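Below you'll find the structure, written out as structure tokens, and then a few comments.
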Amino acid sequence: MKQQENQTRKSSLKVWLVAILVLSVSVAALYYGYQQRQFSAPQRLFAEGVKQESLGNTTVAEKSYRDIYQHYPHAEEAAAALLRIGKIWQYDRRDGQRALLSYLQLEHDYPESPLVLQAREEAAQIVKYVFGDYSRAIEFYQRLLDLKAGHPDQYYYEIADCYFRLENHPQARIELETLLENYPDSPLASNGLYRKGGIWFLEGEIAKARQDWQTLIEQYPDSRYRVQAQFDLAKLLEEEGALEEALQGYQQLEGFSHPLLLQKKIDHLKQRIADKKGAI
């Protein structure tokens, strides 16, 4: 009898131990699940935002991104959320001012984020091409250069273009010279050299313009600006009265973007040469 009671007592204790163990595991699992849900909330919100964007629901998408920034500002997704908000305002809603504010907020709140580079690029594009504020755009591109990352050749080119639009031709030329000196293999180099020659021409430095265009033809034979440089050199010869040389230059052009204009030039020069010979 006593042995039976001991066995019953042991069985009850075992049941209690198992129950306590199961309860402990359950509580731990619930707590872990809660932590996991809290940890992944920004990720879920970000994924939902991307999904809604793809469906064209930019209002819902923006709300998801803004929830991340407001409720989980220290999450990895917070900076990316601000970038996506900026792009919604910039490209979907065509509101440059609101987009710019979002990009500047990203830079202010997350200065160490690798997304600062992209935010600054988008901000510079807005200031230059949407607002047309070329003086301020120069500052934005200079700040991009300060990062020592991204596409510095592009930034120098944009700065030069801003100065050109501000009619500060000498400074535009200096920026192009910096581009050409530091990034001679840049896809923008031939364009920069062509534009530098054009600035020399505007400044009345015809010999220097001719030199830049000739250098372009020799160093960048595959550039689409080569043909334009050849056309401009022929035009210079025509204006200087070297009609035979100008005609030869026009006739050697291949792939010129305005063939009717080119043919008109050739016909006009032939007539001038014929008239000149007839007058002798």
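Values quoted throughout were computed directly from the atomic coordinates according to the rules given, and no laboratory measurement underlies them. Everything numeric here is computed off the predicted structure, so don't read it as measured data. A quick note on method: Cβ atoms are made from the backbone with ideal geometry, for glycine too, and the neighbour counts reach across all protein chains shown.
With the Cα gyration tensor of region 216-280 giving a ≥ b ≥ c as the square roots of its eigenvalues, does the rule (a/c under 1.5 for rounded; else a/b larger than b/c for prolate; else oblate) give rounded, prolate or oblate?
It comes out prolate by the Cα gyration axes.
Quick check on region 43-131: take the gyration tensor over C-alpha atoms, sort the square-rooted eigenvalues as a ≥ b ≥ c, and tell me if it's rounded (a/c under 1.5), prolate or oblate.
Because a/c hits 1.5 or more and a/b fails to exceed b/c, region 43-131 counts as oblate.
Compute the longest continuous run of the chain that contains no exposed chymotrypsin sites (Phe, Trp or Tyr not before Pro); treat a site as exposed when its DSSP state is not H, G, I, E or B and it has at most 16 other Cβ atoms within 10 Å. Please list the in-between numbers first.
Values: sites that count: Phe131, Phe256.
Formally, the longest exposed-site-free interval is 1-130.
Calculate the spin-label point distance for Val227 paired with Arg44, positioning each point 7 Å from the Cα along the beta-carbon direction, and give it in nanometres.
5.8 nm
Looking at the chain, identify the longest residue range that excludes and avoids all GluC sites (Glu not before Pro) in DSSP loops having at most 16 other Cβ atoms within 10 Å.
That would be 1-75.
Work out how much length Glu181 to Asn57 would gain on full extension: take 0.36 nm times their residue separation and subtract the Cα-Cα distance, in nm to one decimal.
The span from Glu181 to Asn57 would gain 39.9 nm if fully extended.
In the chain, if the dipole is taken from +1 on Lys/Arg beta carbons and -1 on Asp/Glu beta carbons about the Cα centre, which of Gln219, Ala137, Trp200 is farthest to the positive end?
After comparing all options, I get Ala137.
Between Asp133 and Glu76, what FRET efficiency comes out of the Förster formula 1/(1 + (r/R0)^6) with R0 = 30 Å and r the beta carbon distance, rounded to 0.05? If you can, show how the numbers build up before the last one.
Working: r = 33 Å, r/R0 = 1.11.
Given R0 = 30 Å and the Cβ-Cβ separation, E is 0.35.
Applying 1/(1 + (r/R0)^6) with R0 = 35 Å to the Cβ-Cβ distance of Ala149 and Leu261, what FRET efficiency is obtained, to the nearest 0.05?
About 0.25, to the nearest 0.05.
Match the structure shown to one of the listed values (i) 254; (ii) 211; (iii) 122 of volume of the Cα convex hull per residue in Å³, computed from it, and give that label.
Here the calculated entry is (ii).
What percent do you get for the relative contact order of the chain when only Cα pairs under 8 Å and 6+ apart count? Before the final figure, lay out each step's value.
Values: 271 pairs, mean separation 18.0, N = 280.
Averaging sequence separation for qualifying contacts and normalising by length gives 6 percent for the chain.
Just report the Cα centroid separation between region 214-275 and region 113-171, whole Å.
First find each Cα centre; the distance between them is then 34 Å.
Which of the aspartates and glutamates could a cross-linker span from Lys265 if the Cα-Cα distance has to be under 20 Å and same-chain partners fewer than 8 positions apart are dropped?
Excluding near neighbours in sequence, the set is Asp232, Glu238, Glu239, Glu240, Glu244, Glu245, Glu254, Asp275.
In degrees between 0 and 90, to the nearest 10, how far off the longest principal axis of the chain does helix 96-109 point, with axes built from Cα atoms?
In the chain, helix 96-109 runs at an angle near 60 degrees to the longest axis.
Can you compute the charge dipole magnitude of region 122-172 about its Cα centre, using +1 on each Lys and Arg Cβ and -1 on each Asp and Glu Cβ, nothing else charged? Give it in debye, rounded to the nearest 20. Don't skip to the end; give the middle numbers.
On the way: 5 positive and 8 negative charges, 13 e Å.
With Lys and Arg at +1 and Asp and Glu at -1, about 60 debye.
May I ask you to list the trypsin sites (Lys or Arg not before Pro) in region 166-204 that are in a DSSP loop and have at most 13 other Cβ atoms within 10 Å of their Cβ? Spell out each step's value before the answer.
On the way: sites: Arg173, Arg195, Lys196; in loops: none.
Taking region 166-204 and a limit of 13 other Cβ atoms within 10 Å, no loop trypsin sites (Lys or Arg not before Pro) are found.
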